1. For region 265-290, enumerate the residues that are over 27 Å from Ser181 (Cα atoms), open to solvent by 10 Å² or more (accessible area, probe 1.4 Å) and in a loop (DSSP other than H, G, I, E, B).
2. Given Thr66, Thr62, which one is more than 15 Å from the chain's Cα centre (by Cα) and of a type in the set (S, T, N, Q)?
3. Go through region 191-237 and count every residue that is small (Gly, Ala, Ser) and touching a helix residue (DSSP H, G or I) at 6+ places or on another chain (Cβ under 7 Å).
4. Within region 254-264, is there a residue that is open to solvent by 10 Å² or more (accessible area, probe 1.4 Å), out of contact with any helix residue (DSSP H, G or I) (no Cβ under 8 Å at 6 or more places or on another chain), in a helix (DSSP H, G or I) and of a type in the set (Asp, Glu)?
5. Being crowded, with 20+ Cβ neighbours inside 10 Å and small (Gly, Ala, Ser) is the filter here; which residues of region 291-314 pass it?
6. Tell me, yes or no, whether region 144-162 has at least one residue that is touching a residue at least 60 places away in the same chain (Cβ under 8 Å), part of a helix (DSSP H, G or I) and under 24 Å from Lys297 (Cα atoms).
7. Go through region 248-305 and give me each residue that's in contact with a strand residue (DSSP E or B) (Cβ under 9 Å, 6 or more places away or on another chain) and among the polar types (S, T, N, Q).
8. Exactly one condition in (1) part of a loop (DSSP other than H, G, I, E, B); (2) surrounded by fewer than 24 Cβ atoms within 10 Å (Cβ to Cβ) is not met by Phe211; state its number.
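The values are calculated or read from the model by the stated rules, or taken from the named source; none is laboratory data. Not measured: the values here are computed from a predicted model. Virtual Cβ from ideal backbone geometry, glycine too; neighbours counted across all protein chains shown. Keep in mind that these areas ignore ligands, DNA and RNA; they rest on the heavy atoms of the full protein, side chains included. Shrake-Rupley method; radii C 1.70, N 1.55, O 1.52, S 1.80 Å.
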Amino acid sequence: MSDGPRLTSQTAFIFPGQGSQAVGMGKALAENFPAAKAVFDAVDEALAAPLSRIMWEGPAETLTLTANAQPALMAVSLAALRVLEAEAGLGLAREAAFVAGHSLGEYSALAAAGALTVSDAARLLRIRGLAMQEAVPVGEGAMAALLGLDYDQAVAVAAEAAGDDVCEAANDNAPGQVVVSGSKAAVERAIVIAKAKGALKAVLLPVSAPFHCRLMAPAARAMEVALAGATVKAPCVPLVSNVRAAAVTDPADIVRLLVEQVTGTVRWRESVAYMAGAGVNRMVEVGAGKVLCGLVKRVDKAITSTNVGTPEDVAAFIAARNAAPVA
């Protein structure tokens with residue numbers, strides 16, 4: 001873990017996306033903290049299914065299913081946040097400049113900031129996961145990571161590879177790390193073109209659908225319907241939107257951007273840069289894994305990052321907080 005957080009309004013709380021899941025995630029939090037167990041119980045009840053059992057016992061193939069992974073990752077993030085609130089006295093509204101999340105993590109961020117209830121976030125993510133999986137028949141879509149090319153180069157590669165198919169930049173994660181998404185044949189062409197243009201590495205990703213491209217249009221329509229029936233409030237701190245890479249607080253804007261996000265590029269590199277430009281010098285990744293901490297370091301080495309997803313992380317967070325009280 002990197003330096004512990006000295007929480008001020010220069011701190012942003014960030015929430016991981018799909019790919020950070022692992023069997024066992026959140027179990028120790030639930031066993032050690034009632035506040036965490038309450039979140040997992042609420043998610044199980046909202047879904048009328050024992051998602052927590054899948055999270056803690058597996059099998060991994062079942063947890064990795066998009067319809068399970070998305071609400072599961074949100075549950076771990078919110079469980080960790082509730083523990084920080086209960087054990088460390090964290091108050092997001094007074095201590096955070098922004099919240100942000102990578103793809104599904106945007107729902108976690110909104111739940112953390114009080115714009116969505118945990119139960120509604122779980123139900124929406126179950127719908128989102130199912131809709132994204134069903135939008136494209138298995139085997140017809142693909143995603144690939146292009147390493148060593150900047151965003152504009154990756155966009156050009158995708159355009160050249162597309163032909164009559166679909167190939168688009170899906171995730172602009174960090175300098176030199178862009179993911180493209182689309183029709184399987186087009187994405188495979190993109191890998192060949194990227195290597196010819198000097199990519200350090202270009203590889204297919206083990207995903208079940210081509211997320212964040214035009215092929216997800218049916219899922220975007222499903223989310224438009226689902227979000228129309230959900231209560232979305234103004235978050236207690238601004239959300240830095242994946243699609244806009246800028247802060248939003250208006251519920252109508254948030255809903256529209258969540259729909260656009262299904263087919264749009266996750267502008268994570270620009271989102272981190274936006275927060276840094278607004279004075280953020282510390283980011284706390286709340287939930288499973290350390291993927292976002294790694295990306296933050298690649299975007300801006302001046303930002304200190306730390307992750308909180310286990311009881312040990314919570315203890316380290318509290319120790320750092322006590323050693324360096326809020327300014």
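1. Ala278, Gly279, Asn281
2. Thr62
3. Going through region 191-237 one residue at a time, the tally reaches 11.
4. Within region 254-264, none of the residues are open to solvent by 10 Å² or more (accessible area, probe 1.4 Å), out of contact with any helix residue (DSSP H, G or I) (no Cβ under 8 Å at 6 or more places or on another chain), in a helix (DSSP H, G or I) and of a type in the set (Asp, Glu).
5. Of everything in region 291-314, those that are crowded, with 20+ Cβ neighbours inside 10 Å and small (Gly, Ala, Ser) turn out to be Ser305, Gly309.
6. Yes, region 144-162 contains at least one residue that is touching a residue at least 60 places away in the same chain (Cβ under 8 Å), part of a helix (DSSP H, G or I) and under 24 Å from Lys297 (Cα atoms).
7. Answer for region 248-305, where residues must be in contact with a strand residue (DSSP E or B) (Cβ under 9 Å, 6 or more places away or on another chain) and among the polar types (S, T, N, Q): Thr249, Thr263, Thr265, Ser271, Asn281, Thr304, Ser305.
8. Every listed condition holds for Phe211 apart from (2).
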